[in-house]
1. Please state the shape class of segment B:43-93: rounded when a/c is under 1.5, otherwise prolate if a/b exceeds b/c and oblate if not, all from the C-alpha gyration tensor.
2. Calculate how steeply helix A:51-63 sits against the longest principal axis of the alpha-carbon atoms of chain A, using the helix alpha-carbon long axis, and give the answer as 0 to 90 degrees to the nearest 10.
3. From the alpha carbon gyration tensor of segment B:14-77, can you work out the equivalent ellipsoid semi-axes (sqrt of 5 times each eigenvalue) and give them in Å, largest to smallest?
4. Show me the trypsin sites (Lys or Arg not before Pro) within segment B:43-81 that DSSP assigns to loop and that have at most 11 other Cβ atoms within 10 Å of their Cβ.
5. So what's the Cα pair-distance distribution over segment B:1-48, bin width 10 Å, in %?
6. Using the alpha-carbon atoms, what tilt in degrees (0 to 90, nearest 10) does helix A:87-106 show relative to the longest principal axis of chain A?
7. Output, in nm with one decimal and in ascending order, the distances from the residue B:69 label point to the matching label points of the other copies (7 Å from Cα along Cα-to-Cβ).
8. Could you quickly flag the chain B residue whose beta carbon comes closest to the rotation axis taking B to A, and that distance in whole angstrom?
There are 2 protein chains.
Amino acid sequence: MASIRIDPSDATPVYQQIINALRTLLVAGAFGPGDRLPTVRELALDLGVHHNTVAEAYRLLADEGWLELRRRHGATVLDRAHPKATPETRKAFGRRLRELAAEAHAAGLSAAAVAQALRDIAEELTAGTPANAGRRQ
Amino acid sequence: MASIRIDPSDATPVYQQIINALRTLLVAGAFGPGDRLPTVRELALDLGVHHNTVAEAYRLLADEGWLELRRRHGATVLDRAHPKATPETRKAFGRRLRELAAEAHAAGLSAAAVAQALRDIAEELTAGTPANAGRRQ
């Protein structure tokens, strides 16, 4: 779980930072169906946060359909059914991505640097077999 | 100001939605230095929100260097000095963009659809003269 980092200077609540980081790993296929995540206590220790914070993140990811939580058995990654996005969802994400790109540009990244970052992510999303990229057997 | 919409289903606080939308317009050059924004009261009426909410958004955009606020004169767009992003800022935005793309994918947009949205925004950022695009004389 080396790729989860909590950024204390980020205004995003810590449980949300954990969700965002884990969801990104799940989408990238770093964990696949049947994989066990670290227990709440392990991950909390790793990240130096309260275990309730990790428990809340796991609970919300379970609500999203990513994890099955069982008492004493920790969190297991599910074979998540892919929902169908409505046109509104599609539009809302387009807006949020555009706004975040503008925020990055306003924070001092050049338009070219932001565009490059966007293209890199687009490339990662569509290149090869993202569902297995970085998957631990 | 037709392009500002408040989405009540969005978990983002309303003042932050206004900031995000205005910053996106400012970065796109829809308003240039010297332009007057609607008064707090006008915009609040337009959006159907409390005027304190708009005032808070204007105040935070002024803190970011975008606006000059004067009692009775409303908000004037400044010729904002472009800050220099630190490597940490650059990395943080890379992470946030990647996480938002993953969230969109998890919400049901296909990888191809997310990638296309990212490439469209990259295109907008670098094509032509974005600083004048949509600029009202």
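Nothing in this text is a laboratory measurement; each read-out follows from the coordinates by a stated rule. Because the structure is a prediction, the values reported are computed rather than measured. Note: ideal-geometry Cβ built from the backbone for every residue, glycine included; neighbour counts use all protein chains shown.
1. Note, shape of segment B:43-93 comes out oblate.
2. For helix A:51-63, the angle is close to 70 degrees.
3. Output for segment B:14-77: semi-axes of 16, 13, 11 Å.
4. Details: sites: B:59, B:70, B:71, B:72, B:80; in loops: B:71, B:72, B:80.
Filter output for segment B:43-81: B:71, B:72.
5. Calculated P(r), rounded to whole percents: 24, 56, 18, 1.
6. So the helix axis and the longest Cα principal axis differ by about 70 degrees.
7. In nanometres, ordered from closest: 4.0.
8. B:118, 2
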